[in-house]
Amino acid sequence: MKRFSPMLKAVIVLTFAAILAPIVVVIGVSFNPTSSFSVNFGGMSLRWYQAFFAGDTFAKALFRISLPIALASAICATLIGALAAIAIVRFRFAGKELLETAFMLPLFIPSILLGAALYLFFSRFNAGGTYASLIIGHTLLGIPYVIRVVSAGLFGIGTTVEEAAMSLGCNRVTAFRKVVLPLLRSSLLSGAIFAFMVSFSDINLALFVSGPNTTTMPLQIFSEIVWQGDPTVAAASTIQIVLVSSLVLLVQKAFRVRLAF
Amino acid sequence: MPASMRSTSASSSAEAESPRTVPGKPWMWLAAPYFLLLLAFLAIPLANLGLISLYTRSASAIWSTDLTLQNYRQVFDGYYFYLILRTLRIGAVTTVCCVVLGYPLAYFLARCSQRALSIGLFLLVMPLMVSTVIRAFGWMVILGKKGVINTMSQALGFGPVINIMYTETAVVIGLIQIVLPLMVMPLMAALEKVPLYLEEASANLGARPLETFRKVLLPLSLPGLFSGILLCFTVSVSVVVTPALLGGRNARMIGNEIYDQVIASLNWPMASSLSMVLIALTFVIVAGGQRVGKRFRREPLR
């Protein structure tokens, strides 16, 4: 612990204010009674939330597209990513280092390029714009998060409990299932939540891979802003902000995962 | 923002203590599903991108399979080249601003109480997980002609004070907000490892705070600084939405051009070669940066 100078404290407060400013402002706009993109300190209105749920486009983008796709990608990313993490952390085999680097590739390739590459690839088979194409892309984006969180969890558990179980007569699979898996639950859930959020807020990939029937909510927000929509956009944004904040809080408080990656 | 995990404290601390692994050839098949996924939906699509970048554009069928280098020649003259230069400039300015803004924040988080740390990390990670389009939208509302800043200054009697929407400055502001957490996290991880007594010793020997920073904290946090710079730069040169909303026509970046060529002008060979150039740039920067970074890596302090 250390005492900080008032100057430093002021700089910290200002920096956090700037990081949070755009998010706070969007929430403000969503309660604006008029139809301009501005924060109105005079009155409050819930009309844009009514418009959100009454209208077709946004409610569909949220409930029929973004949420199902995020859920499916999170499940796929957690299953595939956890298996890869177990192989990397627990076992030795030739070419492991190379594989480990390759496994972080989706993070190194900028997601707009992954989007462009997938779009041009799918268009060879006329398979673009489907749920499957988005789920595949988002699964790729989510897996590195799952691998990081689950590897950290596996390191933390160590091998002793597993060895104890095996010396008491379990085989490796049973030992893992009965002893390690229950201990790994919070890491798996945190990984899944991160994969969910990555998919839910992604726009770079969706810009390319979404089709007319699979417009995700961030993409819908983007096109409404470009075409001069009304503050329903802000209401949609606020719904995402609230959902994401609660999930981050859940990971931090309930699963006690340290947020710094 | 997926890039946030490229260099992580979790992994570096995990690598430090050598893990107990079991020789187990059959178990490597656990990694097979992910390997196949990467092969089918990353490696092959990227190879396909490389192939299309050599095709000839055709007005009637999007491409013809006659191989040519014409697209790459176009990338390096005139408009596209200028676009690449602007992209690199915006990335560089954003990164420098993040270094300046990131150090105080990272230092604070590395040295504050457990309670302040958990609040601080929440305030840092939560915005990172909110879609970039929402954050760009927020800046539009703040910086616009009738935006929050101008309305407030008018109410106080100063009249409109800023008109920076649709400029590079607006894009840089939007990007800083996006990539600053990516600078702060590796910096924080590096600064945490510097024991407090080194700072105290430096102060005892008569160094002023800035001198302590320059001679003790800065050299010892260089590895974190390097990963932060790499993250910030690579993320900020490959964006679409932020320049589209905050920069308009005046601050278009490579990402916007790739998007328009793919979706609007259907010039897929051109879009592919621009993408290949961006991939090459990213790899050169990451590889070069890691090489420079290694030189500065020191033995961890005990």
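Remarks
- The range B:84-175: chymotrypsin sites (Phe, Trp or Tyr not before Pro) falling in loop per DSSP and having at most 14 other Cβ within 10 Å: B:Phe158
- Each peptide in A:66-74, A:119-127 was scored by the mean count of other Cβ atoms within 10 Å over its residues; highest first, the order is A:66-74, A:119-127.
- For the protein assembly as shown, a/c is less than 1.5, where a ≥ b ≥ c are the root eigenvalues of the C-alpha gyration tensor. That puts it in the rounded class.
- Cβ charges +1 (Lys, Arg) and -1 (Asp, Glu), total dipole of the protein assembly as shown, debye: 1140 debye
- For B:Lys25, a cut-off of 29 angstrom between C-alpha atoms picks up these lysines, skipping any fewer than 8 places away in its own chain: A:Lys96, A:Lys178.
- Gyration tensor verdict on the range B:88-154 (Cα atoms; rounded if a/c is under 1.5, prolate if a/b is larger than b/c, oblate otherwise): prolate
- Taken residue by residue and averaged, Cβ atoms of other chains lying within 10 Å of the Cβ of B:236-243 number 4.
- Magnitude of the charge dipole, chain B, Cβ model with Lys/Arg +1 and Asp/Glu -1, debye to 20: 360 debye
- Taken about its Cα centre, chain A carries a charge dipole of about 820 debye when Lys and Arg each add +1 at the Cβ and Asp and Glu each add -1 at the Cβ.
- Gain upon complete extension [B:Lys193, B:Leu39; 0.36 nm per residue less C-alpha separation]: 51.7 nm
- Tensor-based shape of the range B:167-302 (alpha-carbon gyration tensor, a/c under 1.5 rounded, otherwise prolate or oblate): prolate
- For chain A, the 222 nm mean residue ellipticity estimated from helices alone, with every DSSP H stretch of n ≥ 4 adding -39500 (n - 2.57) and the total spread over all residues, rounds to -21500 deg cm²/dmol.
Bear in mind that the values in this text are calculations on the coordinates, not laboratory data. As the structure is a computational prediction, the values presented were derived from the model and not from experiment. Glycine also receives a Cβ, built like all others from the backbone with ideal geometry; neighbour counts cover every protein chain displayed.
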